[in-house]
Structures are given as structure tokens and as C-alpha cells.
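Report on the following structure.
The values are calculated or read from the model by the stated rules, or taken from the named source; none is laboratory data. These numbers were taken from a predicted model, which means no experiment stands behind them. Cβ atoms come from the backbone with ideal geometry, glycine included; neighbour counts cover every protein chain shown.
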Amino acid sequence: MDKLLIIDDEADIQRSFRRLFASPEVEVITASSGEEGLAIIPRERPDLVLMDVRMGGMSGLETLRRLRETDARLPVIMMTAYGTTQTAIEAMKLGAFDYLLKPFDVPKLKELVAGALRAARQMRAVVSVQSAVEADDFDLGIVGRSAAMQTVFKLIGQLASSDATALITGESGTGKELVARAIYSHSGRARQPFVAINCAAIPEGLLESELFGHEKGAFTGAAQQRIGKFEQCNRGTIFLDEIGDMPLATQTKILRVLQSGTFERVGGNETVRVDVRVIAATNKPLEQAVAARAFREDLFYRLNVVRVPLPPLRERREDIPLLVEYFLRRLGREAGRAAKAMVPDVLRALEAHHWPGNVRELENAIRRASVVATGDTILTRDLPPEIASPAVVEGAAGGVVGGGAAGGVTGGVTGALAAGGVSPVVEMVRPGRERVPPPAELDVGTLAQWLFRWARSQSELRLLPTVERELVIEALKETQGNQVQAARLLGITRATLRKRIDKFGIRRELNVT
Ligand SMILES: Nc1ncnc2c1ncn2[C@@H]1O[C@H](COP(=O)(O)OP(=O)(O)OP(=O)(O)O)[C@@H](O)[C@H]1O
Ligand SMILES: [Mg+2]
């Protein structure tokens, strides 16, 4: 349960916040002055503070300053009336999480509170590094016994005792963020803030201002000065996720911060100095981005000094039973019951799966199976079909065990599909003409997400033509080369189909005449 502390001398405000946020998941407590707030924080240990700037007695700003002397991590959102934004900026420099202007915009307020609670959780959760599942103490561990993971644990230890910049690489879902948080929570900066920014999720034009802040009038819409994450998180740790998606101009500023600890806010002249540790992560090979001039070479070398490569799950299958046990126990504890068990066939299927989504996919599969399983034991039928009866995927290491209850069908992927490399669709299509029923939640949107995820790991891929070509081939195979039927299946005219067949040079490959 999260605990929210409201510090405001107006009873009305206290009441409306209670109405807005009190729920079975959130407890709301209040204080009527800065002095009272400071007194109850050590006792009540709130997860988030919302504080008015202007109060009788100690001002909000002074309260924040005092609070920061003893606690650098507790997120504080300052509330201020229009016209006093200068004070809000001061608050940001003192390490406020954010500020809110009165009157409140309720959806924005809720979003801000949710974001701050998330950040609080990230900072609070100590990620322990362990090679096996231990009795009680596995709240948030990194599980792994494989040699590859042992190397990762050593690197985390070395990085935690230094201030070096680190670059964590690995496919999606391999645990990059978990490792970043482990480095942070074992480092000398563990009592300072940790801020995670996903460079791919923030629109290009806004990222620089998000990181470095901007001056009033720096660009259209910049009505006020804004303090960026680097300034806000001074003495702390910044996790730059998906750094491969960072625009070049921002890369230049990052390089300078790494080298000299200085930067200017967007549209400003004042040089700001900060002491921030940077941990970066990417699931794209940065070398390729460097070769394509989309990533600065000098920044790459600066980041690459200490690299933590996370192996895909299919290359450390010996960790699968351990991870399974870990997730089952954690799920059991979350639900307040004993961990569910699984029949050997289930484990075999899990060990054989290709895991394109790595540990995240495994975690989700187990979560889903635990929900679907009616008893205390997970059966093969509780697994998603693509995991229960895997098709052989070219390039997948290890053998394939036919799923028990669901009946496994194995075989090679047909040449035409495999020709373009392993495609994610392969895992859903069994060889021959037999089809795996799609998982319940499979829709075109999900499929598109899969395709993009796969596309990210391919270099110089032209996604749309590649997919189009595969669809044309599939349609022709489906209809045994009958172009009228194939065109109908694809929803295009026969003339268009012919053009595609020519364009993609499919004729020869499939013996279509
Ligand atoms: N070794 C591990 N032990 C336990 N849990 C793990 C491990 N690796 C990953 N996880 C879990 O798998 C999920 C995905 O991990 P995380 O978010 O760190 O991956 P990521 O590499 O950042 O993925 P993406 O590139 O998609 O952002 C999380 O829920 C994480 O807790
Ligand atoms: Mg991540």
C-alpha cells in the first residue's frame, strides 16, 4: 500500500486530496504545517509528499530544504499558485520531483502522482544479486546460475563500487533495467535519487528539454523555465534507456555532461554543473548505429568503457528452471497462497521455447498459466499454445520437446519463410498446413508490435516490403498457387497480386506459374 502525505495549511485542500486519492491501495495522511510534516515523516515513512509552497510558519521551500538534508530520495511534489513559478523552479533545484500549478488539473495531477509513486518504488526496491533462489529474501532479485549471469553479477559488483558510466546491452526483456537498478542500489549513491528515462518513449523534440530543462521562450510553448532531470537528480543516478534512439543533438550534450559535468538548459547561456552518474541501455547494436552515423562515435566509446552484455534467455536455458521457481514463488506470495507446482512436461516445454521476449516473456507466461490453472498444479494446457507445442525455429539452440497434453508437432520451417531469417510469425505457424490456434489476446495490433520488436533486431530491414512478401508467399502456399484465391485471401486484385509476385521475385521460388 502506498502512503501519501499532504502538507497544506488549508483544510479544504487536505479534504479534496483525501477524496481524490484515498483508496484500498493508497493511504492519505495530512500535516498542517512544514514543522508538523518534518516531524511525522520519519515516523510515518510516506512514499510521496505533496506540499504547498506558501504556508503559515515554515515555507514549503524551507521545509523541502530541511527534508533533503535527511532524505534525498523521498519524492516531493510542490503545489503553487500561478504567478509564483519562480518559487517552483527553486523547488526543482532543491530536488522536488515536480510541481503543480493551482487550480489543479485533476487528470494531470493523478498522472503526476502515479509517476512519482512509480519512481519511489524504483528507488526503494533493493535489487539483490544472487545466483540461486534463496529462502525468504528474494523480493527483487536477479536470478541466474549460468556462467553468463555469474559474469553479469561480477560486473554489477565492480560497477557498484565505482562511479563509472556503464552500457547495458541485450535484447528486449533480458533484464537491462533490473541490472541498472541493481548497480544503483548497491552503489554509494543508493541514498540519492534514481531516475529512469526511456529515450524512445519521449518525442524527439522534447527529450533534450526533459533531460536538461529549458529557459522561458526557448521554443514555442516554453512559457516558463523548466528544470531538467539532470539538474533535478543532482548527486543521483540517471538511467538512459534505449539510448540508441537519442537524437544526435542530445547525444552531443550527453557527451559533454559525461566529460565535464556541465550543460546549458535549452535556449539558455548559464552553465549548470551537476554530479550525476549515467547508466545507459540499448537493445540495438550501437556499433551499427555508429556506422550509419546515427550515433556519435565518441559518445559510443565513452559509454562502452564498461559494458554489461545480457545474454538472451535461449542462450542460458539452464537458468529457466530457476527463474520458473522464482516467479512461481513470487506469484504465490503476491496472492497470499502457496506457490503452484507444474508437471514435468510444462517445464520441458518452457525449457525448449525460443523466448524471443526473454525473461519478460517467461514471467508473463508463468503469470498467465498460474491464473488459467484451475488447481494448484500447472498443466500443459495452461500454457499459451505457441509455448506448449513449439515449432522448430531455425537458429534456435537446443532440442525441441513436443508439448505433452497439447500434443507437439515438430518439423522444419519451410524454406520460403526461413529464407528471410527467423521471423516471429514462424513461432505461431506450424510447418505444413497445420496451424497453431492464436493465443486469445492475439490481434493485429499485438502482431504489429511483435513485428517491430523483431525488426529492431534486424539490421537494414525494410519492414513493410518484407512482411508483404511473406504474406504473398503464405497466401500462395495456402491456396496451392491459385492466384485468384490468393488475391482474395489478401484482399487485393489479381493484377496487384501479379505485380507483387514479379516485384518480389516469388515466381521462381515457389514454382508459381
Ligand atoms: N535475471 C532475472 N531474474 C529475475 N527477473 C528478471 C531477470 N531478468 C529479467 N527479469 C524480469 O523480467 C522483466 C523484464 O526485465 P527488464 O525490464 O529489466 O528488461 P529490459 O531488458 O529492460 O527489457 P526492454 O528492453 O524490453 O525494456 C522484469 O519484470 C524483470 O524483473
Ligand atoms: Mg527496459
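Details
- If the condition is being more than 16 Å from ligand 2 (Cβ to nearest atom) and without any contact (Cβ under 8 Å) to a residue 12 or more places away in the chain, then the range 191-204 contributes only P203.
- Selection status of E242, modelled with pLDDT of 95 or more, within 16 Å of ligand 2 (Cβ to nearest atom), out of contact with any Pro (no Cβ under 9 Å at 6 or more places or on another chain) and over 23 Å from R124 (Cβ atoms): yes
- When E204 is tested against the conditions (1) more than 17 Å from the chain's Cα centre (by Cα); (2) within 16 Å of ligand 1 (Cβ to nearest atom), the lone failure is (2).
- Looking across the range 177-200, just one residue is closer than 11 Å to M123 by Cα, surrounded by 18 or more Cβ atoms within 10 Å (Cβ to Cβ), aliphatic (A, V, I, L, M) and more than 10 Å from ligand 1 (Cβ to nearest atom), and that is V195.
- L313 more than 14 Å from ligand 1 (Cβ to nearest atom) and not aromatic (F, W, Y): no
- Only a single item in (1) surrounded by fewer than 16 Cβ atoms within 10 Å (Cβ to Cβ); (2) of a type outside the set (A, V, I, L, M, F, W, C); (3) not in a helix (DSSP H, G or I) is not met by E287, and it is number (3).
- Meets criteria (within 13 Å of ligand 1 (Cβ to nearest atom), outside any loop (DSSP other than H, G, I, E, B) and modelled with pLDDT under 90) for Q158: no
- Filter result for A294 (of a type in the set (G, A, S), within 16 Å of ligand 2 (Cβ to nearest atom), outside any helix (DSSP H, G or I) and within 22 Å of A201 (Cβ to Cβ)): no
- Test: residue in the range 49-70 that is touching a Phe, Trp or Tyr at 6+ places or on another chain (Cβ under 7 Å) and closer than 30 Å to E334 by Cα: yes
- Among the residues of the range 161-176, those identified as away from ligand 1 (no atom under 11 Å from the Cβ) and either of a type in the set (K, R) or closer than 17 Å to L240 by Cβ (or both) are D163, A164, T165, A166, L167.
- Matching residues, the range 348-368, being of a type in the set (S, T, N, Q) and on the phi > 0 side of the Ramachandran plot: N358
- Checked against the criterion of being touching a helix residue (DSSP H, G or I) at 6+ places or on another chain (Cβ under 8 Å), more than 16 Å from ligand 2 (Cβ to nearest atom) and acidic (D, E), the candidates E270, E315 yield just one match: E315.
- Selection of the range 257-284 for residues being outside any loop (DSSP other than H, G, I, E, B), within 16 Å of ligand 1 (Cβ to nearest atom) and either more than 26 Å from S185 (Cβ to Cβ) or hydroxyl-bearing (S, T, Y) (or both) yields only T282.
- Within the range 19-70, tally of residues that are in a loop (DSSP other than H, G, I, E, B) and touching a residue at least 60 places away in the same chain (Cβ under 8 Å): 1
- Test: residue in the range 101-111 that is touching a helix residue (DSSP H, G or I) at 6+ places or on another chain (Cβ under 6 Å) and in a loop (DSSP other than H, G, I, E, B): no
- If you filter the range 169-183 down to residues that are near ligand 2 (Cβ under 9 Å from one of its atoms) and of a type in the set (A, V, I, L, M, F, W, C), you find that the one that is nearest to V278 (Cα to Cα) is A180.
- Being closer than 21 Å to G205 by Cβ, away from ligand 1 (no atom under 16 Å from the Cβ), in contact (Cβ under 8 Å) with a residue 12 or more places away in the chain and among the β-branched types (V, I, T) holds for only one residue in I238, I254, and it is I254.
- Set A341, A294, A335: member being within 22 Å of E208 (Cβ to Cβ) and either touching a Ser or Thr at 6+ places or on another chain (Cβ under 6 Å) or of a type in the set (A, V, I, L, M) (or both): A294
- Being crowded, with 20+ Cβ neighbours inside 10 Å and modelled with pLDDT under 90 is a property that G141 has.
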